[in-house]
Structure formats: C-alpha cells, structure tokens
Amino acid sequence: MYHVFGTCLTVSILYFISLCFCRTGFYSISLHRKIWNSILAITLLFVALAGVFMALQINYKWNIPFIKQLIKWHVEIGVGSTLICIFHFSWHLPYFRNIFSVSQTPAQTINTVQIKQESIISSLLVTGFTTTAVQVLLVREMMNITGGYELITGVFLGSWLISSSAGAVIAGKSGLNDIRKLSLIFSITPCISLLLMLLFSRFFLERGETPSFLVSMIFTLIVLLPFCLVSGFFFIKLLSCARQSYEITPGKSYSTETIGAAIAGISVSVLASGILNNYQLFLLITLLSLAFTLLTFYIEEKRKKLILKIFFTVIISLVIIFDPDILFRQVLLHGLKVTDTMDTPYGNITKGSYAHEAVIYYNHRLLAYNYDAIEREEDIHYAMLQRANPENVIIISGNLGSYLAEIEKYHVKGITFLERDPELVKNAREGIRDIPKNLTIENEDAFRYIREKGKQADAIILLLAPPSTLSLNRFYTREFFADVKMRLRQGGVFMCSPCPGDDYLNRESLNLCSSVYNSLAKVFRFVKPVHGQKLYFIASDEEVSVAFCSLAAKRGIKNIYVSPDYLEDDLTEAKSEEILSAMIPGARQNSEAFPVAAFHFQAYNLSRNMNEKYPAMVLLVLIFALPAFSVRRKNILMYFSASALAGFEIIMLLALQLTAGNMYQMTGLFFAAMMAGLAAGSGSKLKLPDGISMRIQALFLVFYYAVIGIFFSQLLEIKHSCPVILIIILTTLLPSFITGHLFREISNSASEKSGPSSVYSADLAGSALGFILVSGILVPLLGIKASLFFLSIMIFTGFLFGANRNKS
C-alpha cells in the first residue's frame, strides 16, 4: 500500500515548519531554499536511479532482489519530491514573471528588545525544565511506538541532541535576537512535534505495528526536529543575551539551564509514577511554558496578568480533571475502541475492545485477549508437564488471569507471580474473580527477587519479552540462570523464550539463540529447545522430555492445544533435535559483563528488513558520525568528553539494573545527580594554574574511566542494594562535574559571536554519538569493561587533538 496522503501531509507540514522558521528570522530565505533544493536533488536522484533499476529489470530480466522494496520507495519519495517541486515552482513564479527585470531584496532587519536580567535567568531555568520534561515524555511514547530496543533508544537521544546541535549552529549565524518572539515559538513547538508523531503513527503504521529500524530512524528525526531545533537555537540566544547584556558567563547560563533540567527530571519521575498520564503531563508542561512566556514578555498590566492566570488555571484544571490520554490513545491505536488508559513508571496499559472482544495493550503491544489457548498452554504446560506433582511454581510476568486456570490443573500448593509494574499487578488481581489462597502476587523486580529472597520452587517460568534491551538482557544471562538454579528444588525445571518462533532461523537468530542456549547449558545439565509460537528453552539438572502428548496423558492433564489433537510427539522431538543441531557451540555466552544477546537481537531485528539494512546504516553514519568532522579543533575535547559522559551514563544505568533491579525512582535520582554535577561544574569558579587546567581535567577523566573499568566486576558483586545505589550515584557526580567545568572553560575562552554556539553544538553532537555507540554497539559487542576503557581512549583522543588548542 502506498501512503500518498500521509506522505503529502508529512512533507507539507515539514515544509510549512521550515517556512515559518524562515519567516520568523531563524535563518534566511536563501538557507531555506538551499535546504529544500538539497532535499529535492537527493530525492530526484534516488527516483532517477530507481527508475533505471526498474528499466533494467523489465527490459533485460535482471534479477534484482530488492526491486519490490525499491518500487515502494520510488513511489513514496516520488510523491514527496513532486510536492516539493510544486512548492518551489510557486516560490519562483515572480522570477518567471520578471525574468527580464532586475530586483534587489532588502536586507532583513531584526530588532532586539532589552530583556531584564531576572527574565533571562528565569527563561534559562524554564528552558532547561521544559526541554528535559518534553524529552522524557516523548521518549516514553516513541519507545512505545518503535519497539524500545537499545539502538532505537540511542537513535532517539542522538536525534534529539543532533537536532539541538543544528539549532545551536544556526543560532550562531542568525541575526534573530528577539527573545520575546523566540520564547513564544519555543513554547509552541512541543505541540508541533506531538502533532507530527500522531500523524505519522496514524497514516504510516498499523495498530500495534513495530516499524523497521530505518522507518523508526526517519520517524524519530522528523518528529523531534521542530522542537529540538528551536530549543538549541533559543538556548544559544539566551546565553548570548545574558553574556552581552549582563556579563553572565556561558558556563553560568549552562549551569542555570541544567538546574532546570535536573528539577524536571525529578518532577517528571514523581508525577509520571502513576499520578498523571503522559499526554496529560505533556499538555500541562506546554501550557505552563506558554503561560510563563506570556506573563514574562507580553503582558504587563496587572489586571490582564490576573485574567491570564485565571484562564490558564481553568485550562490546566480541565486537563487534570478530563484526562485527554484516552483521545490520544484512540488516535494511536486506531480501530480499537479505547475505554481506559494508564501510564506507569514502566509502561502504558490501554484497555479497549476490538470487534466486541475485550483486549489489553501494554506499550502498544497486545498483552491479553480471549481465546488465547495456544499461547497460554504453551507458556505453562511445556514446563509443568516435566515433573509429576509439582508443588510450587514461580511465574515471571505475563497474563496471570489467563495462566491461572492452566496452573491449577496440577493442584500445586503455591503459585508466586512476579510483576514489576504495579498497574499490571492491580489488573491481574481485578481479572481474577476468586483469588486462590495458594496465590502470592509480588510487585518486585524479578531479577532482584530471584537473587535475594526467592522461595524454593519446582518450576520457574520466565515469560518476559526476548532480550531486546540491556534491561531485559539481564534475565537471559548466565548469572541469572545460576540464581534461578539456586531457587529450584532437586530436579526443578526452568523455562524461558528468548527467541521468536520463526520456522526458519537465519544467521542472526541463530546467534541470538545460541548465546542464550550456551549460557543455559553452562548452568544446567539438560537443555532442550521447543518450537511453538515462540522458541522455548526448557532446562533442568534431570532429563527433559518434549513428548508432551504422552506426558499429558500420563499425568491426567486435559488441554485444548497441548494434546494429541494438535501435536505429535515424534514431530515435536524431530523439530527439537533439528534446532538443537543448529545451535553454534562456540557462540559467546550471554553474561552481565558481555550482554551479547541484546546485540544479536538488534542484528536480528535489522535482518528482518534486509533491503533497508544498509541504507539504515548509511543514514546512521551520516547523521551521527559525520558531524564529528564539522567540530572545530578547539572543541574536540568538549566533543569527546560529552560523548564519554553519555556512554558512562548508559553503563552506570545498566549497573544499577544489574545490582539493584529496575527501580524507576532510583533512575530519576541518577539522572538528577548527573545534571547536578553538570550544573555545579559549569557554574563553578574553580581555577587551576594557567596552561594546564584542561589538560589535567582531561587526563583525570582518562584515568577515572579506566579505574572504574578495572573495578567494575567488584561493583556487580555487591549484593545489597543501598550501598550499590549510593556508589553508582556518587561515581557519576565527578565526571559530570568535570565535563561541566570543561564546558565552562572552553566556552568562556571562545569568541562572543559564535564561540558558545559551537561549543554547545560540539557538546550535543558528542553526546549523541556516545549514546548510540555505547548502548547499541560497544556494550553488547565488547562488554562493559572494554567499553569503559574505550571511554578513556575517547577522552585521550580529545586530549591529543584538542587540549593543545585550549591552553589559555
């Protein structure tokens, strides 16, 4: 299907946004035309090349494997380029009318209004607060839409920072200095990004569809571009205004903005933990930002200010009382009649009906529905049938209401259900009419529960999603399997499903399955794969059988699907042996220090759209790696320091999850601590001897990251959560302080006109690279220790090529 209307609408909105930026003075009409002429040239070149390939395939019967995908993109891009041509033709109509006349365009004059010092400082705080709050809320929603695996998270954060960096660069060359106008535009643009996200999801994606990596990357860039471009631009103009009018140093301005960001991190963590829903909170923050702008820069009379305050109070009250999230979920999950929605610290739960059937979506993926006999029976009986008379069973996540009836067929004495999301626990309780006395529901992180206080069980069934992220990966590591074994009784059974149930296992899926299989085989004597809706692994220290029909008859268990009516033991055994023979014996085991399964899952996800794999990689390099070549040499140290800090942030978050579990509030505190360190460093007047200050700071970071890498294994061995949380938070303060101080020194030594914007741009571009490089590639591929050492190498590179340019 071709998205003609959706493509036309998207291109039109983006062109209109660019035109608005041009008309308001962000950049000149000449730059606007250059941007769209470049886009037009690239798209027309692609359309022409695609046409050549199609002609070769038709006339000469060439076998071009990607021709179908090429035709699709040929049409989609052709529609977009045609619309751009129409826009540009309308632009140049005066040229054709006056082709023989000579005209001159008068230079644009942009007035500057004197702004009070307190208004500048408060604007910096509000900018930091709004930017961070919008970022946190948008990343939650974008992760729901795009699948939320590590590489996509890195792309989101990278896109955010690269777009903000572009805004900072444009600000350094723009003559627009009207803080009043910029503040108003800044307050409005979050709604533009939100509108783009809704339109893109509505017209290009089906309900619950996970877009490919290439589509996710383009989607993310388009959605974030308006707000991030303006936020980067606005911050640089505030910084310049504070420096020129009141001699406030760039470091002090950066510190003030970072304090606002830290406050936003804490506030959103608290309010989004079940108090307010995502879109509700998003609208509140946007309204408060708009109210601040109007009251600070536009309304001066006390009476008008009072009226405006009453107006916004009424609007905000209505948003709180009449939750708008149901409307937004209805747009995103079109075709589903949404009846209720709830955002928790861990995801979104949406209830509704489809074709008069009650369904529950979790993070926009179908979680619970009626007539799920195949899934529920496979999830339970493959493991439970292995042993006669199991007494205690532990179920980790899943749809408890559906599983309970299957478990009760075994007359077990105890059922323990583990679920981290409190709303899912509440939903599980509500879905059970009569809660059995032998059922215990624990609202705890399963990783921590199994390791520290899990009860002995005859069967432990892990029903979490595959290891698509570093957070999920910890449940498929050799260390977690060893903890599970400690919780199993003699002959106990463990089952998990780390891989999709594809009929054909390609190289990427084999790498994924083999890493988990080898980790299980290291801990348990017997491991057998079972092919079903998912690819299950059943592990035990005693024999494991896949003759489920015989086992069900022997134990007197009557099922709908896991029975002779649908399954044949010989075929099941043959398929199991076939999969077992395909496992790669030498594949690296998945562990906490080397989370290779997460890397293999990302590779598998890319392999599902082979025609898009290489274009996606090229686009990734163009957007996030090439900006390094545009960084001025004197800002290279800032670039690599910011990149290393972003990577260190990812690693420490992973360490927090591996030791203390998935603790949402602690994650918010971690971000606040990092922001506090940046604010303190950029606002500090710490002075070292001239000529060696930046060198010493850079070398200290080199050794600091290396020392953390040396002792990281000891950090993971700490079993008590309180000391490890304290250590992790404290370890982030020092590098964030020094990185903030580097920003202060480099920006203070830069020229007044464009120096701060280039430093800030280098900071953001470096952070973008760090997020993607560390989360998506280095940690899964090289392991945590090697990644920490690589951070030291990055800082040392900045020291060699950039420190000497910043001696004074």
Among 613/634; 455/528; 522/575; 351/453; 534/554; 116/305, the pairs whose Cα-Cα distance exceeds 29 Å are 613/634; 351/453
Can you give the extra length, in nm with one decimal, that the chain gains between residue 37 and residue 522 once fully stretched, where that is 0.36 nm per residue apart less the Cα-Cα distance?
168.8 nm
Expressed in nanometres to one decimal, the distance between label points 7 Å along Cα→Cβ at residue 578 and residue 437 is 4.9
In segment 335-464, what % of DSSP beta bridges are antiparallel (nearest 5)?
55
Among 220, 564, 287 - extreme Cα towards positive end, dipole of the chain, charges at beta-carbon
287
With all protein chains in place and a 1.4 Å probe, residue 34 shows an accessible area in Å² (nearest 10) of 120
Accessible area of residue 774 in the full protein assembly, 1.4 Å probe (Å², nearest 10):
0
Rounded to the nearest 5, what % of DSSP beta bridges with both residues in the chain are antiparallel?
65
Return the aspartates and glutamates within reach of residue 785: Cα separation strictly under 15 angstrom, same-chain partners fewer than 8 residues apart disregarded; answer none if there are no such residues.
592, 649, 717
With unit charges on the beta carbons (Lys and Arg positive, Asp and Glu negative) and the dipole taken about the Cα centre of the chain, which residue among 201, 382, 254 sits farthest to the positive side?
254
Quote to one decimal, in nm, the extra length available between residue 273 and residue 357 on full extension: 0.36 nm per residue of separation minus the C-alpha distance between them.
27.3 nm
Please compute the modelled spin-label separation between residue 568 and residue 504, points set 7 Å along Cα→Cβ, answer in nm with one decimal.
2.3
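At a threshold of 8 angstrom on Cα-Cα distance, excluding pairs fewer than six apart, so keeping six or more, what relative contact order does segment 275-355 reach in percent? Numbers along the way, then the final one.
Working: 66 pairs, mean separation 24.0, N = 81.
About 30 percent, as a whole number.
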Extension gain (nm, one decimal) between residue 490 and residue 198, 0.36 nm per residue minus Cα-Cα
99.8 nm
Just how large is the dipole of segment 423-503 about the Cα centre, in debye to the nearest 20, putting +1 at every Lys and Arg Cβ and -1 at every Asp and Glu Cβ?
380
From largest accessible area down, sort 309, 116; use a 1.4 Å probe on the protein chains.
116, 309
Mean separation of Cα contacts under 8 Å (at least 6 apart) over the residue count of segment 108-263, i.e. the relative contact order in percent, is 45
Could you work out how far apart the two model spin labels at residue 373 and residue 560 are, taking each label as a point 7 Å from the Cα in the direction of the beta carbon, and quote it in nm?
0.5
Taking the Cα centroid of segment 194-233 and of segment 700-741, what is the distance between the two, rounded to the nearest whole Å?
35
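Leaving ligands, DNA and RNA out of it, rank 543, 391, 247 by accessible area with a 1.4 Å probe, largest first. Working shown, then result.
On the way: 543 125, 391 70, 247 160 Å².
Largest accessible area first, the residues go 247, 543, 391.
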Pairs of Cα atoms under 8 Å, at least six residues apart: use those to get the relative contact order of the chain, whole percent.
15
Net charge dipole size for the chain [Lys, Arg +1 and Asp, Glu -1 on Cβ; Debye, nearest 20]:
2720
Counting only heavy atoms of protein chains, what accessible area per residue, in Å², does the chain have with a probe of 1.4 Å?
43
Rounded to whole Å and sorted largest first, what semi-axes of the equivalent ellipsoid does the C-alpha gyration tensor of segment 192-296 yield via the square root of 5 times each eigenvalue?
31, 19, 13
Which residue, 607, 230, 727, has the largest displacement toward the positive end of the dipole of the chain when charges sit on each Cβ (Lys, Arg +1; Asp, Glu -1)?
230
Setting aside same-chain residues fewer than 8 positions from residue 413, which aspartates and glutamates have a Cα under 18 Å from its Cα?
391, 434, 442, 458
Have a look at the DSSP beta bridges in segment 451-549 and tell me what percent are antiparallel, nearest 5.
75
Residues of segment 215-258 with backbone N under 11 Å of the label point set 7 Å from the Cα of residue 20 along Cα→Cβ are 226-227
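The values are calculated or read from the model by the stated rules, or taken from the named source; none is laboratory data. Quick caveat: nothing in here was measured; it's all calculated off a predicted structure. A quick note on method: Cβ atoms are made from the backbone with ideal geometry, for glycine too, and the neighbour counts reach across all protein chains shown. Ligands, DNA and RNA are excluded from the accessible area calculation, which covers all protein heavy atoms including side chains. Shrake-Rupley method; radii C 1.70, N 1.55, O 1.52, S 1.80 Å.
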